[in-house]
Amino acid sequence: MQPFVVKLTSLAPGTNRFTWHAGAEFFEAFGNVEILDADLEVTARVASHGLTAEASCEIAGSVTVACDRCLEDLVIEVETSFEEQYTPEDDELDLSQDVYDYVCTSLPLQRVHPEGECNQETTKYLSK
C-alpha cells in the first residue's frame, strides 16, 4: 500500500489508525523544491461510512528549507492537523494532497533564522 492511501474495503468496523512517515521524497513527488528535507510523522484516524469516509490527521515533525536571509539550512518545526469528510470515487482514500497542503500552509511566509543565528559571512554583505 502507498503511504497516505487507505484501502476502504479492508477497514475494520469503527475507527482505524494509520501512521506514516513523510520525508524529502514526499515533497519531491509534488515538485516542491523549497523543502530540502523533512522528518514528519502523520497519524490518521479513518472511519468509513459506506459512501463517505472521515479522516482526522495529525502531522508533527520538522522540515528543512533555505533561510531567506543567509540561504543556509533552516529547520522549521511543524505541528498541524486537519479533519475532513470525503466521498471517494473508488475503494481508496488518498490523503497525500491534504497532507502536503496542510504542511505547506503551516510554514511561515518569511523563513529566517532567529536573530544572530544566520551565517555571518553572508549577512555581513547584506548591511552594505
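The values are calculated or read from the model by the stated rules, or taken from the named source; none is laboratory data. Note that the coordinates shown come from a computational prediction; the quantities given were computed from them, not determined experimentally. Cβ atoms come from the backbone with ideal geometry, glycine included; neighbour counts cover every protein chain shown. The protein model used for the area step is the full one, side chains on, heavy atoms only, and it has no ligands, DNA or RNA in it. Shrake-Rupley method; radii C 1.70, N 1.55, O 1.52, S 1.80 Å.
What ³J(HN,Hα) values, in whole Hz, does the Karplus curve 6.51 cos²θ - 1.76 cosθ + 1.60 give for the range 67-73 when θ = phi - 60°, with x put for Gly and Pro?
Per residue, the Karplus-derived 3J(HN,Hα) values read 5, 5, 8, 10, 6, 7, 4 Hz.
In whole Å, what three semi-axes, largest first, describe the equivalent ellipsoid of the range 74-128 built from its Cα gyration tensor (square root of 5 times each eigenvalue)?
Values for the range 74-128, descending: 40, 10, 8 Å.
Quick one: which residues, 5+ away or cross-chain, put their amide H under 5 Å from the amide H of residue 37? H built at 1.01 Å from N.
The answer is 64.
Please give the length that would be gained between residue 85 and residue 5 if that part of the chain were fully extended, namely 0.36 nm times their separation in residues minus their C-alpha to C-alpha distance (nm, one decimal).
27.3 nm
Within the range 38-65, find all residues whose amide N lies under 15 Å from a label point positioned 7 Å from the Cα of residue 101 along Cα-to-beta-carbon.
Inside the label zone: 55-57.
Provide the net charge surrounding residue 25, with neighbours chosen by a C-beta distance below 14 Å and charges set as Lys +1, Arg +1, Asp -1, Glu -1.
Result for the local shell: -3.
With only Lys, Arg, Asp and Glu charged, each at its Cβ (+1 for the first two, -1 for the last two), find how big the charge dipole of the range 60-125 is about the Cα centre; round to the nearest 20 debye.
Dipole magnitude for the range 60-125 comes out near 720 debye.
Could you give the length gained on full extension between residue 122 and residue 77, defined as 0.36 nm per residue of separation minus the Cα-Cα distance, in nm?
Stretched fully, the residue 122-residue 77 segment lengthens by 13.8 nm.
For the chain, report the convex hull volume of the alpha-carbon atoms normalised per residue, in Å³, without decimals.
Spelled out: Cα convex hull of the chain, divided by residues, is 104 Å³.
Would you be so kind as to identify which of 43, 70, 104 lies farthest towards the positive end of the dipole of the chain, taking Lys and Arg as +1 and Asp and Glu as -1 on Cβ and the Cα centre as origin?
About the Cα centre, the residue reaching furthest to the positive side is 70.
Students often check this: by mean Cβ neighbours within 10 Å, which of 115-126, 68-79 ranks highest, and how do the rest follow?
Per-residue Cβ counts within 10 Å, averaged per peptide and sorted highest first, yield 68-79, 115-126.
R0 = 25 Å: FRET efficiency of residue 12 with residue 64, Cβ-based, nearest 0.05?
0.10
What number, rounded to the nearest 500 deg cm²/dmol, is the helix-based mean residue ellipticity at 222 nm of the chain, given -39500 (n - 2.57) per DSSP H run of at least four residues and division by all its residues?
When only DSSP H runs of four or more count, the value is -4000 deg cm²/dmol.
Roughly how much of residue 21 is accessible, in Å² to the nearest 10, using a 1.4 Å probe?
Residue 21 has an accessible surface of roughly 100 Å² with all protein chains in place.
So how far, in whole Å, is the C-alpha centre of the range 102-128 from the one of the range 1-58?
Cα centroid of the range 102-128 versus Cα centroid of the range 1-58: 31 Å apart.
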